[in-house]
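Shown next, in structure tokens, is the structure this report addresses.
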Amino acid sequence: MSLHHHRDPIESEEIRRDDDKLEHLGYHAELKRTFTSWETFGVAFSIMGVVPSIASTIFYNLPYGGPVGMIWGWLITSVLILSVGLSMGELASSMPTSGGLYFWTHRLSPPQYRDFLAWMVGYNSFLGNVAAVSSLAWACSGIVFAAASINNANFISTAGQQFGLYVGILIVCGLICAYGTNVFARLQTPSVILNVLLALVTVIGLPIARRHELNTAAFTFGGFVNLTSWPNGFAFLLSFLAPVWTICSFDCAVSISEEATNASMAVPQAIVGAIGSAGVLGTVILVILSLTMGPDVAAVNDDALGQPLAFIYLQAFGQKGSLALWSFMCIAQLSMTASLILPSSRQAFAFARDGALPFSRFFHHIDKFSGTPVRAVWLVVGCAIPLGALCFADPVNYSAINAIFSLAIMGPYVAYGIPIAAKLLWGQDQFVPGPWHLGRWSRTCGIIAVTWMTFAIVLFSFPADTDPDAGSFNYACLVAGAVWIFATVYWFLPKIGGRTFFRGPNTTEAGISIEQDTMSPTVVEDPSRKKISGTPELHGGSHITPVPSNQI
């Protein structure tokens, strides 16, 4: 509890209860609780950043059904995603820890499966977080260069310029998340306000500016335009990528559970509130875009500007007005990138704390100056940078780099699905509801969530169009497959594999700690970590014994 000073009595009492809950789960409090309930929601909502995200992903619903794909694809998908958020929210309320997804998996799975399943959840979480950070940074670089194209219609960025800016964005956001967490937490409210203002300008300003050139209601809500070679029905399904990518990474609220006050309520409320807000707001914005973009969908999609939303703004507000608005879009997208690096680094820190990452002892480190896991921040940034090099596979249309958007869905959905499925299959008796739970709707909601995520993972493995070549192939399958193979092989390696040392969450009830900075951390007994009485019985039990040295 010594982490928290100069707090008012009510806040200090709330933090004490949060830290006691964390101790009850088997972890000592190591991070500062700097995020209020509103700021926790702000992190989840600002990561989604609905208007900037629509700008980033309009390529994935506009040509896949036009207005029908944009509006109805978003609305249907939002409802399905909400089932995932509801199921995750009750798990977060029950067990509010930064290692949430794989911690829940380990607690709710049977002994013979729990270690391996928790291991795979952790690696898929890490994969999804890195891919999501990469996709946000890439989208941010595209939005910045779109501003340059609005200013000068003859400007066309090169792949090298895009990649260079992409790396610079990652480094800047990494510095913010490594050394400016307190300031960053306070900036969540301005970030939410900025996203709301962008939405209001779009919802109110576009119809006014385009009032003499509005599309008909029949076209706005029922116009179907397929600019791909996929059949119409499958094209409509592929339009789901835009809302799924936007309304994703809501587990970021889980990843900052140990930095949030009143985490058992704040985290699930942030998850469900962010999903619901993004679903409704996104649908309204897409209705407005469909109403104001003009009847020629191909002209909007294929304009030389290279950014359909920027083209729509340019038609409505002219060069100066759209450039002013687009500059705020750049700021919002940068904030989204930083907002995701922060929880991604906390997940990596939590996974390293439990010994599952290579060189875990090195990455499980809190910087004395900032009080944050600085090394974990740079681990996430360092892993995201190489993904941007996919842009060189197709430096004209950037088809290959689009795989990171699919990858940002596949990794999280595997990680989300396993703990929810574990609760459905095995965890009913072990699960202890928190103050926020679904009651009798829990099982139904969980079944819908797992079914939907399984379908989505298969769906988004397909390429953007039929007959892909090397430049337009969906590399998400290869990257995700490589991570899955690495995690599985690393688990089964003789003598040094994960099964020889990983016993799930490294909690005080287990009495273990990581004492060796190697690819296979040695697990030894740590007498300084006392056992929390009653924890195994209340939470399903995770009886972990140290591994003898001759097995390492």
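The values are calculated or read from the model by the stated rules, or taken from the named source; none is laboratory data. Keep in mind the model is a prediction, meaning the values are calculated, not measured. Please note: Cβ atoms are built from the backbone with ideal geometry, for glycine as well, and neighbour counts cover all protein chains shown.
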(request) Could you list, in sequence order, all residues of segment 72-90 that are farther than 18 Å from residue 455 by Cβ and more than 17 Å from the chain's Cα centre (by Cα)? (result) 90
(message) Looking only at segment 362-383, filter to residues that are out of contact with any Phe, Trp or Tyr (no Cβ under 9 Å at 6 or more places or on another chain) and either modelled with pLDDT under 85 or under 19 Å from residue 482 (Cβ atoms) (or both); which one of those is surrounded by the fewest Cβ atoms within 10 Å (Cβ to Cβ)?
(response) 368
(message) Out of the residues in segment 413-444 meeting the condition of being out of contact with any Leu (no Cβ under 8 Å at 6 or more places or on another chain) and not in a helix (DSSP H, G or I), tell me which one is farthest from residue 477 (Cα to Cα).
(response) 435
(request) Hey, can you tell me all the residues within segment 190-227 that are surrounded by fewer than 15 Cβ atoms within 10 Å (Cβ to Cβ) and hydroxyl-bearing (Ser, Thr, Tyr)? (result) 216
(request) Pick out the one residue from 334, 340 that is farther than 24 Å from residue 491 by Cα and modelled with pLDDT of 85 or more. (result) 334
(request) Would you check if residue 170 is among the aliphatic types (A, V, I, L, M), at pLDDT 85 or above and farther than 25 Å from residue 61 by Cβ? (result) yes
(message) Among the residues in segment 246-267, are any at pLDDT 90 or above, surrounded by fewer than 24 Cβ atoms within 10 Å (Cβ to Cβ), over 27 Å from residue 370 (Cβ atoms) and not aromatic (Phe, Trp, Tyr)?
(response) no
(message) Is it the case, given these coordinates, that residue 166 is touching a Ser or Thr at 6+ places or on another chain (Cβ under 6 Å), in contact (Cβ under 8 Å) with a residue 60 or more places away in the chain and surrounded by fewer than 24 Cβ atoms within 10 Å (Cβ to Cβ)?
(response) no
(request) Would you point out the residue of segment 102-115, among those that are at pLDDT 85 or above and touching a helix residue (DSSP H, G or I) at 6+ places or on another chain (Cβ under 6 Å), that is surrounded by the fewest Cβ atoms within 10 Å (Cβ to Cβ)? (result) 114
(message) Regarding segment 449-461, can at least one residue be identified that is small (Gly, Ala, Ser), modelled with pLDDT under 90 and closer than 23 Å to residue 243 by Cβ?
(response) yes
(message) Suppose we keep only residues that are under 21 Å from residue 406 (Cβ atoms) and surrounded by fewer than 24 Cβ atoms within 10 Å (Cβ to Cβ) within segment 57-71. Which one would you say is nearest to the chain's Cα centre (by Cα)?
(response) 57
(request) May I ask you to list the residues in segment 82-109 that are over 15 Å from residue 424 (Cα atoms), part of a helix (DSSP H, G or I) and hydrophobic (A, V, I, L, M, F, W, C)? (result) 82, 92, 103
